[in-house]
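The values are calculated or read from the model by the stated rules, or taken from the named source; none is laboratory data. Quantities reported herein were computed from a predicted structural model and do not represent experimental measurements. Here Cβ is always computed from backbone atoms with ideal geometry, including for glycine, and neighbour counts include all displayed protein chains.
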Amino acid sequence: MPYKSKYHITNKILNNISRISAGREFIEHSKLIPKWELKLKKEARIRNAHSSTSIEGNKLTLQQVKDLSEGKEVTATAKDKQEVINYLKALDSIPGFAEKKTINIPLFLEIHNTITTKTLNEDKHCGVFRDRQVFVGRRIFDGTSFKEIVEYMPPDTKEVPKLVKEFLGWLNSNEAIKVNPVILVGITHYEIARIHPFIDGNGRTARLMVSLILYKNGFDHRRFFALDDYYDEDRVSYYAALNTVQKGNGDITHWLEYFTDGVLYSVEKTKEQITRIGLFSNAGLNEQIELTPKQISILEKMRGKGRLTNKDLREMLGISRQAILKEINKLTSAKLIKLVGKGRNSYYKILE
């Protein structure tokens, strides 16, 4: 039976998609100083690895994840460290995964294997479908002892290969190509969580698949978005949104509302970073340029104040008229700032 998702586009989803598209357009057309591009990519990589593993109970802090990514020693359990190392490797492998023509079962299993290597109780469960029934639950104390509460029972084990095959068949179909990429990854995230194809690592696999599909669709080719931050900041809402599908007889509309909220959150956060550190939209540059620390400082101050005179800049930076003119000439030649007015009333502002 071919896979078919059940949802409808609400005003909330439509509004989120519209705002996501506008924010992404700003980000994609922003001119970026090379060292800032690298900084944003590194930060997104670290935050994604931290958030996606933290959701599943990993105890490493954001700073520890950063240290681990830089090859530094971190005091933590071997499993927690390996989970983060694996996820960083999976994130780094996305461009290679995206080169495959389709996301088929072998690639899907390779992704899971990359994420779970040396972290499961038995290595034989890495990169293979589960061989027994699992459930999603939580432990509670009833006053006398701890008991397990089953919150979600996934499909029967023997159904897993067929369900994954059907879903991936749809994901690679012409029908899926017509779906907005944000909606597409929202569907993918939920469907992997629903099928729960593995003994462990289902959530991380679902979230990595989201990043892969967005990259493959050209949505985040610069790798700036840390989509998993939103889920990690309020895990209760994350799981509650997933659970609404059961209550809605398989309708994922509410989940998609929540999911698009998360993508919008990430896009707006990235846009805010770009505005704050001085990346420029519509700057008219054909190539990226390297700026000096002084020139970056000028742009940041100008971004904050809106407009600055030659005197303002000299006083802020504590340099001579000749020195400031040298810096300003570089920025005006690069069409990053412009001079407005003449004489004493003239000032410089960002060229939008």
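Values as computed for the structure displayed
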quantity: Test: residue in the range 129-140 that is touching a Phe, Trp or Tyr at 6+ places or on another chain (Cβ under 8 Å), within 24 Å of Glu56 (Cα to Cα), aliphatic (A, V, I, L, M) and buried (at least 18 other Cβ atoms within 10 Å of the Cβ); calculated: no
quantity: Search result, residues across the range 67-92 that are among the hydroxyl-bearing types (Ser, Thr, Tyr) and either surrounded by 16 or more Cβ atoms within 10 Å (Cβ to Cβ) or in a helix (DSSP H, G or I) (or both); calculated: Ser69, Tyr87
quantity: Pairs where the first residue, in the range 335-346, is part of a strand (DSSP E or B) and the second is among the aromatic types (Phe, Trp, Tyr), C-beta under 8 Å, 6+ apart; calculated: Ile337/Tyr348; Lys338/Tyr348; Leu339/Tyr347; Leu339/Tyr348; Val340/Tyr347; Val340/Tyr348
quantity: Enumeration of residues in the range 192-231 that are of a type in the set (S, T, N, Q) and more than 20 Å from Val136 (Cα to Cα); calculated: Ser211, Asn217
quantity: Close pairs from the range 200-212: first on the phi > 0 side of the Ramachandran plot, partner among the hydroxyl-bearing types (Ser, Thr, Tyr) and part of a helix (DSSP H, G or I), Cβ under 8 Å, at least 6 apart; calculated: Gly201/Thr116
quantity: Among (1) assigned to a helix (DSSP H, G or I); (2) out of contact with any Asp or Glu (no Cβ under 8 Å at 6 or more places or on another chain), the one test that Ile13 misses; calculated: (2)
quantity: Some residue of the range 27-39 being at pLDDT 95 or above, of a type outside the set (Asp, Glu), farther than 18 Å from Asn217 by Cα and in the same structural domain as Val267 (by TED's automatic domain parsing); calculated: no
quantity: Criterion: over 28 Å from Ala240 (Cα atoms) and aliphatic (A, V, I, L, M) - qualifying residue of Val136, Val74; calculated: Val74
quantity: Top-ranked residue in the range 302-330 [being assigned to a helix (DSSP H, G or I) and in contact (Cβ under 8 Å) with a residue 40 or more places away in the chain; ranked as farthest from Lys31 (Cα to Cα)]; calculated: Met302
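Let's see how each residue does on (1) over 15 Å from Leu14 (Cα atoms); (2) surrounded by 17 or more Cβ atoms within 10 Å (Cβ to Cβ); (3) of a type in the set (Gly, Ala, Ser); (4) at pLDDT 90 or above:
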site	(1), (2), (3), (4)
Phe225	yes, yes, no, no
Asp228	yes, yes, no, no
Tyr238	yes, yes, no, no
Thr244	yes, no, no, no
Gly248	yes, no, yes, no
Thr260	no, yes, no, yes
Leu264	no, yes, no, yes
Arg276	yes, no, no, no
